[in-house]
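The values are calculated or read from the model by the stated rules, or taken from the named source; none is laboratory data. Everything numeric here is computed off the predicted structure, so don't read it as measured data. As a convention, Cβ positions derive from the backbone with ideal geometry for all residues, glycine included, and neighbour counts pool all protein chains shown.
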Amino acid sequence: MTTGYGPAAVWAVILAVGAATFAVRLSFIYLFGRVESVPPTVERALGYVPPAVLAALVVPSFVPAGVATPAALADPRLVGGAAAALAAWRTESVAWTLAAGMVGLHLARFLL
């Protein structure tokens, strides 16, 4: 694959992105012993990170990309995911979430 950029420009971008990534990681290591406490606003915001990451990892696996038709709502994966989300919200139990997701998926496959 060729681009309009020369090797020097490509390597400059790779080095710049690598340096930026290193600086962000180093800042957390550097600040670890120097900051007494995390501000409440930042602590509240950090509470949203695990659900956001989980959603970013899970949702693309069962929501059809780029399809906005009523038929897309009948996708068995989406029905199973909705059943699992509802069970997780109501029971807060991993076992019930898995069971509801699997039952929803297989019922949707059978009925749809």
Within the range 20-50, the count of residues that are among the hydrophobic types (A, V, I, L, M, F, W, C) and assigned to a loop (DSSP other than H, G, I, E, B) comes to 3
Picked from the range 61-86 (must be among the small types (Gly, Ala, Ser) and farther than 16 Å from ALA108 by Cα), the residue farthest from the chain's Cα centre (by Cα) is ALA68
Expected output for the range 1-28 (first residue in contact (Cβ under 8 Å) with a residue 12 or more places away in the chain, partner surrounded by fewer than 10 Cβ atoms within 10 Å (Cβ to Cβ) and among the hydroxyl-bearing types (Ser, Thr, Tyr), Cβ below 7 Å, 6+ apart or cross-chain) is none
How many residues of the range 51-75 are without any contact (Cβ under 8 Å) to a residue 24 or more places away in the chain and in a helix (DSSP H, G or I)? The answer is 16
Given the conditions (1) over 30 Å from LEU111 (Cα atoms); (2) in contact with a Gly (Cβ under 6 Å, 6 or more places away or on another chain), every one holds for TYR48 apart from (2)
Selection from the range 1-60 of residues more than 26 Å from the chain's Cα centre (by Cα), at pLDDT 90 or above and charged (D, E, K, R) yields none
